[in-house]
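Structure record follows, encoded as structure tokens.
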């Protein structure tokens with residue numbers, strides 16, 4: 001079974017999303033629960049057989065995305081893991097925001 005690896009960029013974005021939700025809502029518990037929801041969806045991508053998500057050649061080779069609420073998980077399948085590359089709000093232009101180095 002593949003494992004999930006979260007890039008430094010995605011970790012930073014998850015913290016920022018959680019912080020934003022906590023500030024705007026005043027509910028740290030709700031913010032933490034949403035962050036867990038995002039990570040759990042990424043874990044499911046790794047655990048399930050097959051290739052899921054939408055191919056995103058505009059972001060780079062073998063990059064895929066899938067929505068979760070108002071956010072987009074950007075990831076790549078590797079032989080033994082799924083790499084979560086970025087987590088962006090759906091209203092953002094992924095091409096200009098995504099660091100595809």
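I want to confirm something. Restricting to segment 86-101 and keeping residues that are in contact (Cβ under 8 Å) with a residue 40 or more places away in the chain and more than 15 Å from residue 35 (Cα to Cα), which single residue is surrounded by the most Cβ atoms within 10 Å (Cβ to Cβ)?
100
Could you list, in sequence order, the residues of segment 22-42 that are surrounded by 16 or more Cβ atoms within 10 Å (Cβ to Cβ) and either at pLDDT below 95 or under 13 Å from the mean Cα position of the chain (by Cα) (or both)?
Once the filter is applied, which keeps residues that are surrounded by 16 or more Cβ atoms within 10 Å (Cβ to Cβ) and either at pLDDT below 95 or under 13 Å from the mean Cα position of the chain (by Cα) (or both), segment 22-42 yields 34, 35, 38, 39, 41, 42.
Scan segment 49-69 and tell me whether some residue there is touching a helix residue (DSSP H, G or I) at 6+ places or on another chain (Cβ under 6 Å) and either assigned to a strand (DSSP E or B) or modelled with pLDDT of 95 or more (or both).
yes
Against the definition (in contact with a helix residue (DSSP H, G or I) (Cβ under 7 Å, 6 or more places away or on another chain), closer than 19 Å to residue 67 by Cβ and assigned to a strand (DSSP E or B)), how does residue 4 come out, yes or no?
The answer is yes for residue 4.
When you scan segment 53-80, how many residues do you find that are surrounded by fewer than 20 Cβ atoms within 10 Å (Cβ to Cβ), touching a residue at least 40 places away in the same chain (Cβ under 8 Å) and either under 14 Å from the mean Cα position of the chain (by Cα) or closer than 18 Å to residue 12 by Cα (or both)?
Total satisfying the criteria: 1.
Go through (1) in contact with a helix residue (DSSP H, G or I) (Cβ under 8 Å, 6 or more places away or on another chain); (2) within 17 Å of residue 6 (Cβ to Cβ) one by one and return the number of the condition residue 36 breaks.
For residue 36, the exception is condition (1).
Got a number for residues in segment 8-19 being surrounded by 13 or more Cβ atoms within 10 Å (Cβ to Cβ) and touching a helix residue (DSSP H, G or I) at 6+ places or on another chain (Cβ under 9 Å)?
5
Hey, among 10, 46, which residue is in contact with a strand residue (DSSP E or B) (Cβ under 6 Å, 6 or more places away or on another chain), modelled with pLDDT of 95 or more, part of a helix (DSSP H, G or I) and under 14 Å from residue 81 (Cβ atoms)?
Selected residue: 10, the only one of 10, 46 that is in contact with a strand residue (DSSP E or B) (Cβ under 6 Å, 6 or more places away or on another chain), modelled with pLDDT of 95 or more, part of a helix (DSSP H, G or I) and under 14 Å from residue 81 (Cβ atoms).
The values are calculated or read from the model by the stated rules, or taken from the named source; none is laboratory data. Small disclaimer: the values here were computed from a predicted structure and weren't measured. Note that each Cβ is placed from the backbone with ideal geometry, even for glycine, and that neighbours are counted across all protein chains shown.
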